[in-house]
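Read through the structure below, which is laid out as structure tokens, and then see the notes.
The values are calculated or read from the model by the stated rules, or taken from the named source; none is laboratory data. This structure is a prediction, so every number in the text was calculated from the model and none was measured. Positions of Cβ are generated from backbone atoms using ideal geometry, with glycine treated the same way; all protein chains shown enter the neighbour counts. Side chains are part of the model used for accessible areas, which takes the heavy atoms of the whole protein and leaves out ligands, DNA and RNA. Shrake-Rupley method; radii C 1.70, N 1.55, O 1.52, S 1.80 Å.
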Amino acid sequence: AGAVHQVVVARVAKVAEVLADGAKVPQSDLKADGEVGWQQAPGGFLRLRIRHATPEARIEIRGCAPMEPGARENLIGIANGDFEDGLAQWAPDAPDGARIAADAHSGKHALELSAVGRTDEVQCPSRPVLVEAGRTYQLSAWVKQLEGAGGYKVTIDWLGEAGHIKYDNDWKGDNRPVQYTEHGGQFVAPDGARAAVIILGVRAGARCVFDAVSLAPAR
């Protein structure tokens, strides 16, 4: 309370005004340190800095137009699912355990996750993509295990208005493929699902490469 907090809201455009706890927040270029205000940034991002007196604040964005998460033209729904743009649109939880490799299934690049020498797993979630509850989706990813006996995962994290609903396909990567092998299957978006995140991961001691990740409505 009393400090300046920054919030970034993704995939909104045409913002008319922003309110914090019912009070209008001024539009600003936010160039000065500690300056409060909001700014519509390129790519559908809203940057907001507020100072509020209580531990919680209610933020209201008026007049905005939601933009579709993901890039349908890029492997259907998953933005940069082929990793040709590096780690863009992906957020590894251990930056030292994720790198872009030339050992690709298709194209020139793939994602390498390594938990070699670690006692915990390394995960890399995608940016959320919109889904429709009750619809069947085909998950696909190509995986090759380079090192270790630990498993890998290609998991769907279904999200609703309140956040996480359930996981699908969690920790079934125990086949240790020495050549690129397709991993995935068909899954039904649960009731209340509005978005999905794909989580790639390796368990302690394992090192794998992932490529051509997609989540598309099943025909």
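Taking the Cβ of VAL188 as the center, what net charge do the other residues with Cβ under 13 Å away carry, scoring Lys and Arg +1 and Asp and Glu -1?
Its environment carries a net charge of -1.
Please get the size of the charge dipole for the chain, origin at its Cα centre, with Cβ charges of +1 on Lys and Arg and -1 on Asp and Glu, quoted in debye to the nearest 20.
240 debye
Using only the heavy atoms of the protein chains and a 1.4 Å probe, how would HIS183, HIS109 rank by accessible area, largest first?
HIS109, HIS183
Shape call for segment 118-219 from the C-alpha gyration tensor, a ≥ b ≥ c root eigenvalues: rounded (a/c under 1.5), prolate (a/b greater than b/c) or oblate?
Note, shape of segment 118-219 comes out prolate.
Would you kindly compute the Cα radius of gyration of the chain and its largest Cα-Cα separation (Dmax), both in Å?
My reading of the Cα-based Rg and Dmax gives 19.7, 58 Å.
Once neighbouring chains are kept in place and the probe is 1.4 Å, which whole percent of the accessible area of the chain is contributed by carbon and sulfur?
In the chain, the share of accessible area belonging to carbon and sulfur is 49 percent.
Hey, in the GNM for the chain with a 10 angstrom Cα cutoff, which one of ALA110, ALA57, ALA141 fluctuates hardest?
Comparing ALA110, ALA57, ALA141 in a Gaussian network model of the chain, the most mobile one is ALA57.
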